[in-house]
1. Within the stretch 257-279, identify whether any single residue is in a helix (DSSP H, G or I), at pLDDT below 90 and within 30 Å of the chain's Cα centre (by Cα), and answer yes or no.
2. Quick one: would you say L166 is under 19 Å from W462 (Cβ atoms) and open to solvent by 10 Å² or more (accessible area, probe 1.4 Å)?
3. Take G106 and tell me if it is under 20 Å from I528 (Cα atoms) and more than 27 Å from the chain's Cα centre (by Cα).
4. What number goes with the only condition from (1) open to solvent by 50 Å² or more (accessible area, probe 1.4 Å); (2) at pLDDT below 90; (3) charged (D, E, K, R) that R73 does not pass?
5. When residues of the stretch 202-224 are filtered for being closer than 11 Å to P92 by Cα, open to solvent by less than 10 Å² (accessible area, probe 1.4 Å) and either in a helix (DSSP H, G or I) or not assigned by the TED database to the domain that holds F293 (or both), how many remain?
6. Tell me, yes or no, whether the stretch 206-215 has at least one residue that is free of Cβ contacts under 8 Å to residues at least 24 places away in the same chain and under 20 Å from I435 (Cα atoms).
7. Would you be able to say whether some residue in the stretch 341-350 is in contact with a Phe, Trp or Tyr (Cβ under 8 Å, 6 or more places away or on another chain) and open to solvent by 30 Å² or more (accessible area, probe 1.4 Å)?
8. Mind checking whether some residue in the stretch 368-390 is among the polar types (S, T, N, Q), surrounded by 13 or more Cβ atoms within 10 Å (Cβ to Cβ), at pLDDT 65 or above and under 27 Å from Y182 (Cα atoms)?
Amino acid sequence: MQGKDSTEENRRMPENYHLQDDASRKKKRERIFTVLFLFCSFCALMIFAFYVNRHIHIKALYMDDLYLFSFFREQDFFTFSFPIGNAVRFRPVYWALSYIEMVFVGNDPNRYWYFNVALNGLLACFLCYFSWVVSKGKKIVSFSLGIIFLSAHFAYYQIAQALGILETLALGFSLITLYFLYLQLNEERHFVRNLVLSHLFFFLLVFTHERYIALLPLFYVPLLFRGRVGKNTAVKATSTGGNNAETEYKGTEQEKSETRGNEAGKEKKKEGKNIVFTSCILFLLPLAQAYLFYAIRKFAIGSFIPKGTGGTEVTESFKLTDALQNAFAEVYYIFGFQKGPEHLNGIPWEKVSPDIRKLVYASIAVLAFTVLLSLIFALIRIFKTEKSTGNSIAVSTDGITGTNTESRTKSSTESNVGVGKEQKRVKLARLRSFIGNNILFLLFIALCIGSSSVTIRVEMRWVYVSFAASLLYFSYLLGVSRLPLGTIFCLAFICLRLPVERYYRSYFPQIYFWEDQDRMNSLAEETIEKYGREGVLGKQVYILENKYKMSKFYGDTFFQVFDEDFSGHGTKIHFIQDLTRLPKDANRKNSLVLEEVAEQRAYRDITGEVFHE
């Protein structure tokens, strides 16, 4: 019999080896395919980022962009990045990265557009990867959500202004923080790594934009819903300790049982103390982060209360009714409604085309139907009893030999009880994880909306982060529910929403800063692009009238941006009422003359006409 058994085992060994080898090859092929998909998706998203923003231009700096440039021109890196005692805001991460960006941009403002688009494309790539993770590998879903993210009209400020890097960095750091919080909640391994990285990126976030300190409560979601830290380790240690005791001690069964019980009790007590201590530290970490944030701000600028929009004080301008109204406006924006004035969103909902309105309503209907089905299917999967649960217990019981009928019956009964408890434990763990993930995403969205609603108005750029998180939450529901035809529903939503975003983008020129940017782009075209830097720098520029109301600061600083050493070689803009006010020594070699063309948001070069060329 022993020889026969060994022969059968030898026959099985090659079969098992081939099975393991095939599984290893299959896993390797899947990994290669995943890497290839992500690489191709990232390349496609970067190309689409440049395509969808091709109509936006930054040819010159103006307003806040030019104001920030003036500090860059006059200050070194550390003074610019850490203005201790000389600023009303303290955003050292943003200022440091802005300084580095300005160094690379040099004297060509067009490069700001490339920087902004590239950063937004990288954000879309990360969102695609994050979506792929939470959707359990749904490739088409994650890629299509990356496309709609890039198409969103909320990106107007990030792309069209040099200062757009502020919102882009804040959005990026906030999503990365959310990513590591999600891993904390759902991964058994690497908890410490994910904890450290989530706090690190949150630290970078709050010193990029202070309003995101409102996201601090998110750190308690993984701690509350992932179970007690070290619970699995404690159980494993207890069982290992018991087995060692049984092997080493040769006494009676009763003595063995007592020994195992005592050692397990001591181990549990020790583990319990460690768990309490670790939990206390983890719950105190967010508070320590908040204390560090406010302490640094107090030291740097003398105040720990964030400033409001447009130089307002939040403590003075805050009204609960206005905050609630702003919050609902942001929710409307996320779903496709333009709830705001024309100068802030380009086109209010009342003026939106009826066909576009129908698309918005249809997209909301598809979205609501998909989310509802996803929640239902997710709950069904949570409470579904799987036959595989407890199979190991049943198999071990069936394999018992040399026992009488009574002992087998008793063992079978205990096994069934164990299987029932195991199934109940698995269902509760699934439910806890599902609730925790829903709270994580929804709380993130709510806190982002709340933090940007306490000021005097709502700008669409603040909605971008909530919109991105909403896409990730949608992706998570499709993944956790394994909804049949979920990808089809997602594509239907994308196809309905894309024309809406394209339509809203066509009204960018109506947004409050766009007109000034168009004028400055035109001024750069009529001077720097037409004559070259050598043909402009060192001359004086005269503009008839000043209906655009350009200030002296902007006139003196405008051309410094185009100079290699940022001095402008003395070139300044002067405003004259008519041509008779031109200096007597003004001529074609030392002067340029332009006039305003208000209906075109432009300037026109009339130098040749004035000096009779």
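1. yes
2. It is true that L166 is under 19 Å from W462 (Cβ atoms) and open to solvent by 10 Å² or more (accessible area, probe 1.4 Å).
3. Spelling it out, G106 is indeed under 20 Å from I528 (Cα atoms) and more than 27 Å from the chain's Cα centre (by Cα).
4. All conditions pass for R73, except number (2).
5. Residues flagged as closer than 11 Å to P92 by Cα, open to solvent by less than 10 Å² (accessible area, probe 1.4 Å) and either in a helix (DSSP H, G or I) or not assigned by the TED database to the domain that holds F293 (or both) within the stretch 202-224 amount to 3.
6. Within the stretch 206-215, none of the residues are free of Cβ contacts under 8 Å to residues at least 24 places away in the same chain and under 20 Å from I435 (Cα atoms).
7. For the stretch 341-350, residues in contact with a Phe, Trp or Tyr (Cβ under 8 Å, 6 or more places away or on another chain) and open to solvent by 30 Å² or more (accessible area, probe 1.4 Å): present.
8. Yes, the stretch 368-390 contains at least one residue that is among the polar types (S, T, N, Q), surrounded by 13 or more Cβ atoms within 10 Å (Cβ to Cβ), at pLDDT 65 or above and under 27 Å from Y182 (Cα atoms).
The values are calculated or read from the model by the stated rules, or taken from the named source; none is laboratory data. No experiment lies behind these values; they were computed from the predicted model shown. Methodologically, a virtual Cβ is constructed for each residue, glycine included, from the backbone with ideal geometry; neighbour enumeration extends over all protein chains shown. Quick note on the areas: whole protein, heavy atoms, side chains included, nothing else; ligands and nucleic acids left out. Shrake-Rupley method; radii C 1.70, N 1.55, O 1.52, S 1.80 Å.
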